[in-house]
């Protein structure tokens, strides 16, 4: 068995334990069925389950976020090939806002984990923590938002607190693509229609704002799956106000 890791995980000739993991952990009930039934709609045309993995010529392809589980199942390092691209360290400007103690603990924990969800209540400063995480990691970063209001909020933080200028930050929205030299803020609805493979190794850090909105929405799941499966980044984080 060989395992290749970049924007996703491809497992060649997976063993039974891997196949069972995909069946049990990466197969979910379609949340749209209950929603449409409650509204009195016919659901016979909807798949009962959603598979978060795919098969290709005997190989299994699964999301990058499953890497810790795969490592526990198959900890033979010699059979892993990892490619997140070459990312130069960037000296980001100092942040005018200094994190509170509880924010500092969260920032350090997230950087150490490399992947995961930063879950904190509303008003706790998740956006501020996200920007500080980006700054300390020191790689070009992509922030994905689902509303223009959230996109503009991040833009304000980048300009006001880090002092970034247009060009140092870029925006992907309204059908236009502008890549920043340091940070790019993207609207999900535009990003999903971009030629993502062109930017496969563009960003070393990816942050998804309001990531709790993905769960329970088949369209969002599909869009984020397309985005993340085409972008190779060592650091990936979600921000959420709910568990």
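The values are calculated or read from the model by the stated rules, or taken from the named source; none is laboratory data. Treat the numbers as computed from the prediction; the structure is a model and nothing was measured. Positions of Cβ are backbone-derived with ideal geometry, glycine not excepted, and every protein chain shown enters the neighbour counts.
Quick notes
- Of all residues assigned to region 189-208, at least one qualifies as being closer than 13 Å to residue 141 by Cα, out of contact with any strand residue (DSSP E or B) (no Cβ under 8 Å at 6 or more places or on another chain), modelled with pLDDT of 95 or more and assigned to a helix (DSSP H, G or I).
- Residues within region 95-123 that are farther than 14 Å from residue 237 by Cβ, in contact (Cβ under 8 Å) with a residue 12 or more places away in the chain and part of a loop (DSSP other than H, G, I, E, B), tallied: 7
- Residue list for region 109-126, filter: out of contact with any strand residue (DSSP E or B) (no Cβ under 7 Å at 6 or more places or on another chain), over 20 Å from residue 7 (Cα atoms) and surrounded by 13 or more Cβ atoms within 10 Å (Cβ to Cβ): 120, 124, 125
- Extreme residue, surrounded by the most Cβ atoms within 10 Å (Cβ to Cβ), among residues of region 127-148 that are within 18 Å of residue 161 (Cβ to Cβ) and modelled with pLDDT under 95: 127
- Residue check for residue 46: more than 30 Å from residue 203 (Cβ to Cβ) and touching a helix residue (DSSP H, G or I) at 6+ places or on another chain (Cβ under 7 Å): yes
- Scanning region 158-170 for residues that are under 20 Å from the mean Cα position of the chain (by Cα) and either part of a helix (DSSP H, G or I) or within 15 Å of residue 96 (Cβ to Cβ) (or both) returns a single hit, 158.
- Screening residue 197 on (1) surrounded by fewer than 19 Cβ atoms within 10 Å (Cβ to Cβ); (2) over 30 Å from residue 34 (Cβ atoms); (3) in contact with a helix residue (DSSP H, G or I) (Cβ under 7 Å, 6 or more places away or on another chain) shows it passes everything except condition (3).
- Screening residue 38 with (1) over 19 Å from the mean Cα position of the chain (by Cα); (2) assigned by TED's automatic domain parsing to the domain that holds residue 202 gives one miss only, at (2).
- Matching option when the condition is assigned to a loop (DSSP other than H, G, I, E, B) and in contact (Cβ under 8 Å) with a residue 40 or more places away in the chain, among 90, 67: 90
- Restricting region 90-108 to residues that are exposed (fewer than 12 other Cβ atoms within 10 Å of the Cβ) and at pLDDT below 95, the residue that is nearest to residue 2 (Cα to Cα): 91
- Members of region 50-64 found to be surrounded by 12 or more Cβ atoms within 10 Å (Cβ to Cβ) and either without any contact (Cβ under 8 Å) to a residue 60 or more places away in the chain or assigned to a strand (DSSP E or B) (or both), listed by number: 50, 51, 53, 54, 55, 59, 60, 61, 62, 63
Listed here are the residues, each with its yes/no results for (1) crowded, with 20+ Cβ neighbours inside 10 Å; (2) in contact with a helix residue (DSSP H, G or I) (Cβ under 8 Å, 6 or more places away or on another chain); (3) in contact (Cβ under 8 Å) with a residue 40 or more places away in the chain; (4) closer than 24 Å to residue 5 by Cα.
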| site | (1), (2), (3), (4) |
| --- | --- |
| 162 | yes, yes, yes, no |
| 174 | no, yes, no, no |
| 178 | no, no, no, no |
| 190 | no, no, no, no |
| 202 | no, no, yes, yes |
| 210 | no, yes, yes, no |
| 219 | no, no, no, no |
| 223 | no, yes, no, yes |
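- Identity of the residue in region 2-37, assigned to a helix (DSSP H, G or I) and touching a residue at least 24 places away in the same chain (Cβ under 8 Å), that ends up surrounded by the fewest Cβ atoms within 10 Å (Cβ to Cβ): 17
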